[in-house]
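S.K.: Below: one structure in structure tokens.
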Amino acid sequence: MKIHEFQAKQIVAQYGVAVPKGRVAATAGEARAIAQELGGKVVVKAQIHAGGRGKGGGVKLANSPDEAAQVFSQIMGMQLVTHQTGPHGQKVKTVLIEEQMPIARELYLAVLIDSASGRPVMMASAAGGMEIEEVAAKTPEAIHRVTIDPVTGFQPHLARELCFALGLTGDLMKPATQLMSGLYDAFIAKDASLAEINPLVVTTDGRVLALDAKMNIDDNALFRHKELEALRDKDEEDPSEVAAAEKGISNFIKLDGNIGCLVNGAGLAMATMDSIKFAGGEPANFLDIATANDVNKVVDALKIIASDPNVKAILVNIFGGMARVDVIAQGIIEAQHQMPTAIPVVARLAGTNVEEGERLIRESGLPVIRAEELGDAAKKAVEAARAAA
Ligand code: GDP
Ligand code: MN
């Protein structure tokens, strides 16, 4: 789950990360009042779940309360396009007003899980304010990493190592160390998959603050963070993924092609994606029904897959182990009756109760396209999608 900058700042601040003063404004009048409170000079910041807001015109300085109100009105409601939003952009519905910082240096700091070592790593770079992907591609040596032992936590020597790499010396070491260990603590406490500060700034008066903050929370850990539930902003999420989550289907991923995929198991999902691509097609999504032996769940799943207007054909690829093929078959039949528009369905079914499943589909008389194995199924799905498009 992604959250907004202002929410991430509130969280990391609880763990000792210094952040600029500020709060969200709902109206231009409120923006003016907040600017007044903060001494007049502020930054007006669009809150969307995407980076690159500065370049897109979503982060602007205002040097008086009146200007803050004016800039607020420009940013609130705008369709903000950044390199992360796609060409249509994202509508700005929340705006943060913050005190301006006298910036001396912009740095980069993040904590994430390194899948190779299975441990948290803290990454730092003196090239802050830039896209870290770009820094990683062009000057990978400019990124310094330390691996953290989760048992002992973020040790002072790691902070010293990073401070040294960033050129933070003398009086800057203490606030920088506090910020780093606060960021690590917030990352662990909230089961984050990423906690990123870009830029981390050193001010001309010797403070070290998080000027921007981004936090992604591991969805699989959300059940133990009821306090984070309220931070979900469904307006920023893909509507079909939201619908899936509401039906208790967590393994639904939206993609860009035109073939919807109902599968069981992550490995089979990957193999199905590969087979579709090999057959010259592109998957529109995949939904992993796992071992749900519930006809209604299969129907819900097919409806979610079909709700994407890009979907021109559906490939059902099930290897019934714990999942029963006859239940899946009943779901396919029921969904065909319930769905308003007929989207061709290709089914490749194998495993537990496959004979019963086959019989149900045959006797239903519905035009389900049958396939014996995966390559054949993918080919038929690609053909069906082409014919329908
Ligand atoms: P992003 O573009 O979505 O990553 O948004 P950021 O919050 O990182 O802001 C983009 C840029 O705006 C930063 O890298 C800074 O250069 C600038 N900026 C943000 N806040 C301030 C501020 O208080 N003072 C000054 N001078 N610049 C700021
Ligand atoms: Mn940023």
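S.K.: To the nearest 20 debye, what charge dipole does region 215-322 have about its Cα centre, counting +1 at the Cβ of each Lys and Arg and -1 at the Cβ of each Asp and Glu? Present the calculation step by step, with values, prior to reporting the outcome.
M.R.: On the way: 10 positive and 18 negative charges, 86 e Å.
Dipole about the Cα centre, nearest 20: 420 debye.
S.K.: Give me the tail of P(r) for region 239-388 as a percent: Cα-Cα pairs with distance above 29 Å. Walk me through the numbers before you get to the answer.
M.R.: Working: 490 of 11175 pairs.
That tail contains 4 percent of the Cα-Cα pairs.
S.K.: Quick one: if the Förster radius is 25 Å, what FRET efficiency do Asn251 and Ala350 give, using the C-beta to C-beta distance and rounding to 0.05?
M.R.: Rounded to the nearest 0.05, the efficiency is 0.80.
S.K.: Where Rh denotes the Kirkwood radius from the mean inverse Cα pair distance, what is Rg over Rh for the chain? Don't skip to the end; give the middle numbers.
M.R.: Working: Rg = 25.2 Å, Rh = 23.6 Å.
Rg/Rh: 1.07.
S.K.: Which cross-chain or sequence-distant (5 or more) residues have an amide H under 5 Å from the amide H of Leu194, H modelled 1.01 Å from N in plane?
M.R.: Correct list: Asn216.
S.K.: Still on this structure, please answer the following. State to the nearest 20 debye the size of the charge dipole of region 66-108 about its Cα centre, where the only charges are +1 on K and R beta carbons and -1 on D and E beta carbons.
M.R.: Details: 3 positive and 5 negative charges, 60 e Å.
Dipole of region 66-108, to the nearest 20 debye: 300 debye.
S.K.: Using the Cα centre of the chain as origin and beta-carbon charges of +1 (Lys, Arg) and -1 (Asp, Glu), tell me which of Leu183, Val201, Leu222 is placed farthest towards the positive end of the dipole.
M.R.: Val201
S.K.: Turning to a different aspect of this structure: May I ask what percent, to the nearest 5, of DSSP beta bridges between residues of the chain are antiparallel? Write out the running numbers ahead of the final one.
M.R.: Values: 46 of 63 bridges.
Restricted to the chain, the bridges split so that about 75 percent are antiparallel.
S.K.: Something else about it: 5 Å is the cut-off here: which amide hydrogens, built 1.01 Å from N in the peptide plane, fall below it relative to Val24, excluding neighbours closer than 5 in sequence?
M.R.: Here the answer is Ile97, since their amide H atoms fall under 5 Å of that of Val24.
S.K.: Give me Met322, Met180 sorted ascending by neighbouring Cβ count inside 10 Å, so fewest comes first. Write down the numbers at each step before the final one.
M.R.: On the way: Met322 12, Met180 28.
The most exposed by this proxy come first: Met322, Met180.
S.K.: Between Lys21 and Val151, what is the label-to-label distance in nm when each label sits 7 Å out along the Cα-to-Cβ direction?
M.R.: Distance between label points: 4.5 nm.
S.K.: With charges only on Cβ, +1 for K and R and -1 for D and E, what is the dipole size of region 1-144 about its Cα centre, in debye, rounded to 20? Each step should come with its number before you reach the end.
M.R.: Numbers: 15 positive and 13 negative charges, 53 e Å.
Computed about the Cα centre, the dipole is about 260 debye.
S.K.: Check region 1-107 and count each lysine pair with an alpha-carbon distance under 15 angstrom, considering only pairs eight or more places apart or from different chains.
M.R.: Lysine pair count for region 1-107: 9.
S.K.: Using alpha carbon centroids, what distance separates region 151-180 and region 1-54, in Å?
M.R.: Distance between centres, Cα-based: 26 Å.
S.K.: Hey, if you put +1 on the Cβ of every Lys and Arg and -1 on every Asp and Glu Cβ in region 239-388, which of Met339, Leu374, Ala323 ends up farthest toward the positive end of that dipole?
M.R.: Farthest towards the positive pole: Met339.
S.K.: Oh, and also: Give me Asp288, Asp114 sorted ascending by neighbouring Cβ count inside 10 Å, so fewest comes first. Each step should come with its number before you reach the end.
M.R.: Working: Asp288 21, Asp114 13.
Lowest to highest Cβ neighbour count: Asp114, Asp288.
S.K.: How many lysine pairs does region 239-388 hold where the Cα atoms are under 24 Å apart and the two sit 8 or more places apart or on different chains?
M.R.: Within region 239-388, the lysine pair count is 19.
S.K.: Give the calculated FRET efficiency between Ala387 and Ala33 to the nearest 0.05, with a Förster radius of 51 Å applied to their Cβ-Cβ distance.
M.R.: Numbers: r = 60 Å, r/R0 = 1.18.
Calculated value: 0.25.
S.K.: Find how many whole Å separate the alpha carbon centroid of region 331-345 from the alpha carbon centroid of region 260-310.
M.R.: After rounding, the separation between the Cα centres reads 14 Å.
Each reported figure results from applying straightforward, stated rules to the coordinates on display, with no laboratory input. The model shown is predicted, which means the values in this text are computed figures rather than measured ones. Methodologically, a virtual Cβ is constructed for each residue, glycine included, from the backbone with ideal geometry; neighbour enumeration extends over all protein chains shown.
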